[in-house]
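Right, one structure below, let's go through it.
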Amino acid sequence: MVILKSPINRLAKVGPKYQELLQKLEIYTVEDMLYHFPFRYDDFSVIKKIDEITEGETVTIRAELLDVKNIFTKYGKRITRAVVNDESGKLIIIWFNQHYLSKILIPTNTYSFSGRVGAISGKLAMVAPSFEEYRPGSLNTGRLVPVYQETAGITSKWLRSRINDLLFNIGSIPEYLPLEIINKYNFDVFDIAIRKFHFPQNLAEVDHAKKRFAFEEFFLELLRVESRRSQWSLKDKGIELKIDPSKLENFITQLPFKLTPSQQTAIQKITIELASQTPMNILLEGDVGSGKTIVAVLAAYVTYLNGYKTLYLAPTEILANQHFDTFKKYLSSHNINVELQTGSTKPKGEWDILIGTHSLLFNEADQKTALVIIDEQHRFGVEQRAKILNIKSENKVPHLLTMTATPIPRTLALTLYGDLSIAQLKEHPNINKRITTKVVTDKNRQETYKWIKQRGEQAFVVCPLIDTSDKESLENVKAAQTEFLALQAGILEGVSVGLLHGRMKAIEKEAVIKQFRSKEIQVLVSTPVIEVGIDIPDASIIVIESAERYGLASLHQLRGRVGRGDKEGFCFVFMSNNSRKAYERLKYLENIDSGIELAEIDLKMRGYGDLYGTLQHGFKNFKVADLSDLETLEKAKLDAQNFFPKLNGYPTLKEKLEIDSKLVGNN
């Protein structure tokens with residue numbers, strides 16, 4: 001009997017070659033094959049006689065092959081032409097550039113042909129239909145035919161055959177969802193649902209199966225959230241830090257600015273939890289420029305006053321360097337030793353605060369570490385965050401402060417990050433901050449660039465790609481390298497233009513940022529690598545090219561790169577096409593400056609899109625579940641909270657969670 005966790009090469013007809021190819025589709029085990037769901041279905045379920053078909057419809061016919069031959073037209077086209085018939089009449093079938101078919105198709109055999117009916121020289125014909133030799137229970141014709149994600153050497157037809165064989169040979173697959181949940185939501189049990197998903201009789205069966213598997217994905221992930229919450233708050237003790245209100249207040253009064261009410265509330269919440277026996281686990285969420293970094297500085301200062309150390313994890317070397325400068329600016333006068341560790345920089349000696357990328361977690365952490373800060377936390381995986389549990393001081397777990405500028409609707413944040421306590425920074429420190437945003441049509445592009453040149457202020461030009469393929473060039477999608485050359489030699493001739501993108505080495509990126517900061521570069525053409533926290537106070541203008549390719553929340557983060565100093569900020573949003581729908585969506589940016597509100601709009605208009613794709617970095621990839629389906633998400637959250645305390649009573653569910661956890665750790 002086939003075991004779900006068996007390696008995929010245990011299946012018949014899956015040798016070493018196919019095993020290697022399947023890994024490109026993330027199929028390693030028998031269970032992975034079952035969970036490789038169709039992304040659509042070709043409806044070939046309408047079966048007709050030849051004399052019943054009409055032009056334009058998609059049908060299946062079952063007919064005897066009379067003749068098949070290859071033809072070369074005078075225009076150089078390679079055509080395979082077949083003639084088939086059933087008891088009602090004859091039909092011509094054509095394929096292009098598939099001459100091998102003449103060796104596969106055998107005259108006098110009966111085949112099923114499924115496809116769209118067209119016309120050739122005034123006669124009805126099928127062009128490039130799917131086909132197979134007719135037999136009852138056909139997989140590729142005469143039904144709803146599942147279509148799967150493919151890779152070179154692995155076709156949907158091959159996958160259908162392997163999955164069908166697997167389902168035939170595996171026997172009844174046991175259920176692991178609690179029976180109470182199956183009954184509560186009227187789900188099919190696993191064995192039935194998986195068969196309906198792959199080989200449904202109708203689309204209603206697909207919808208019913210999808211609901212079950214979408215819930216299942218949320219439910220299992222949220223059980224893991226509950227597990228992390230339990231592990232964090234119950235199993236381990238935190239380091240109780242003493243809070244000296246007078247020293248903290250003295251530090252705050254020396255800052256060159258006044259804290260916002262939200263910053264004060266967040267600091268109060270953080271200091272209360274730093275003083276607790278339970279390890280702090282707070283997510284600090286705030287719009288671009290809302291002042292998260294100074295909150296982190298204050299948390300690190302409190303940690304230092306207690307004789308302990310802080311690790312600060314940034315997602316990129318550029319950002320690590322930037323935060324290193326910021327922490328030194330505020331803390332060096334207090335004799336606090338701030339050090340930097342990246343791929344190109346090592347600490348110069350003993351440190352109180354060590355700033356670097358996530359690689360810091362995989363080094364030998366100092367035993368006196370009592371606080372770990374993760375910036376842009378959605379870019380760090382669950383396993384990396386969980387590794388913090390292994391950093392012990394006096395056999396106690398350090399406190400954790402994670403921060404994000406990614407606007408997350410509160411319902412979603414409370415659900416996905418249920419193991420964290422959430423603090424929000426709602427105001428901007430500069431109450432007069434306003435970034436004028438305009439969606440610019442193509443006819444006004446040159447005029448806009450002339451205005452930028454005449455204004456003479458520092459500007460970003462952001463392109464979604466480093467370079468383009470032929471297809472993307474035809475679609476007018478902008479690429480940073482091409483725009484850099486075009487602007488330099490064209491409308492911005494005479495202006496100092498720089499280039500920044502993700503394929504550049506860290507030392508090259510840092511050099512470009514340094515030149516931009518010192519105003520040696522006036523206009524920086526970049527990919528969205530600037531999105532994550534690059535701070536150039538004098539930059540006042542940003543142009544975002546091919547903006548329809550981004551979510552509104554991502555665009556909001558990008559425009560937050562400007563207007564950070566005393567100058568008024570301007571954001572110009574350009575499109576690659578003339579889509580009315582995209583234009584109307586982008587127009588929201590002109591009047592709304594709340595990242596949360598924009599995220600809510602995107603959630604309604606286009607699902608989770610780019611934003612929620614990034615949120616999934618820290619979670620198991622959802623194959624069926626949609627993060628914009630808040631109703632299912634909420635149901636799964638409540639059920640996860642209900643069933644987690646009694647997991648021991650559901651051994652098959654508990655076993656699945658434990659096995660999945662081990663598999664995640666090994667991949």
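Per residue of the chain, the DSSP helices (runs of n ≥ 4 H) give a summed -39500 (n - 2.57) that works out to -11000 deg cm²/dmol at 222 nm. The gain in end-to-end length when the LEU638 to ILE92 segment is fully stretched comes to 190.7 nm, 0.36 nm per residue minus the alpha carbon separation. Taking Cα centre as origin and charging only the Cβ of basic (Lys, Arg, +1) and acidic (Asp, Glu, -1) residues, the dipole magnitude of the chain rounds to 760 debye. Per-residue extension of 0.36 nm, minus the Cα-Cα distance of GLU240 and GLU57, leaves a gain of 58.7 nm for this segment. Spin-label model, LYS567/ILE592: points 7 Å from Cα along the beta carbon direction are separated by 2.9 nm. In region 297-364, the alpha-carbon atoms span a convex hull of 85 Å³ per residue. Applying 1/(1 + (r/R0)^6) with R0 = 56 Å to the Cβ-Cβ distance of THR253 and SER496 gives a FRET efficiency near 0.85. Sorted largest first by accessible area at a 1.4 angstrom probe radius, with every protein chain in place, the residues THR110, THR406 fall in the order THR110, THR406.
Distance between the modelled labels on ASP538 and LYS49, one decimal in nanometres: 8.4 nm (7 Å Cα→Cβ projection). Since only ILE50, GLN19, ALA63 are under comparison, the one whose Cα sits farthest along the positive direction of the charge dipole of region 1-81, derived from C-beta charges on Lys, Arg, Asp and Glu, is GLN19.
Once every Cα of the chain carries one equal point scatterer and solvent is ignored, give the base-10 log of I(q)/I(0) from the Debye formula at q = 0.08, 0.10, 0.11 Å⁻¹, two decimals. Results for the chain at q = 0.08, 0.10, 0.11 Å⁻¹ read -0.77, -1.09, -1.22.
Got a sec? Which residues in region 542-563 would a label at THR436 touch, if it sits 7 Å along Cα→Cβ and we count backbone N under 18 Å? Within reach of a label on THR436: 542-544, 559-563. Within the accessible area of the chain, the carbon and sulfur atoms contribute 50%, probe 1.4 Å, all protein chains present. Using a cut-off of 9 Å between beta-carbons, work out the net charge of the residues near ASN70 (Lys and Arg +1, Asp and Glu -1, ASN70 not included). Residues close to ASN70 contribute a combined charge of +3.
Among beta bridges from DSSP that stay inside the chain, the antiparallel ones total about 40%.
Positive contributions from Lys and Arg (+1) and negative ones from Asp and Glu (-1), summed over other residues with Cβ under 9 Å from the Cβ of ALA314, come out at -3. The mean sequence distance of close C-alpha pairs (under 8 Å, at least 6 residues apart), as a share of the length of the chain, puts its relative contact order at 12 percent. In this structure region 154-242 gives 44 Å² per residue of accessible area when probed at 1.4 Å with all protein chains present. All other residues whose Cβ lies under 10 angstrom from that of PRO178 are scored, Lys and Arg at +1 and Asp and Glu at -1, for a net of -1. A cut-off of 5 Å between modelled amide H atoms, ignoring neighbours fewer than 5 places along the same chain, links GLY118 with GLY56, ALA125, MET126, VAL127. Over region 1-129, the reciprocal of the mean inverse Cα-Cα separation, the Kirkwood hydrodynamic radius, stands at 17.5 Å. A full extension of the chain between MET504 and VAL127 corresponds to an added length of 130.9 nm, given 0.36 nm per residue minus the alpha carbon distance. In region 1-151, a dipole from Cβ-located charges (positive for Lys and Arg, negative for Asp and Glu) runs towards its positive end, and of PHE39, PRO7, GLY76 it is GLY76 whose Cα lies farthest in that direction.
Within the chain, no whole DSSP H helix has Cα atoms reaching 24 Å or more along its own axis together with a mean Kyte-Doolittle score of at least 0.5.
The values are calculated or read from the model by the stated rules, or taken from the named source; none is laboratory data. Predicted, not measured: the structure shown is a model, and the values here were computed from it. Heads up, the Cβs are rebuilt from the backbone with ideal geometry, glycines too, and the neighbour counts pull from every protein chain shown. Surface accessibility is based on the protein's heavy atoms, side chains included, excluding ligands, DNA and RNA. Shrake-Rupley method; radii C 1.70, N 1.55, O 1.52, S 1.80 Å.
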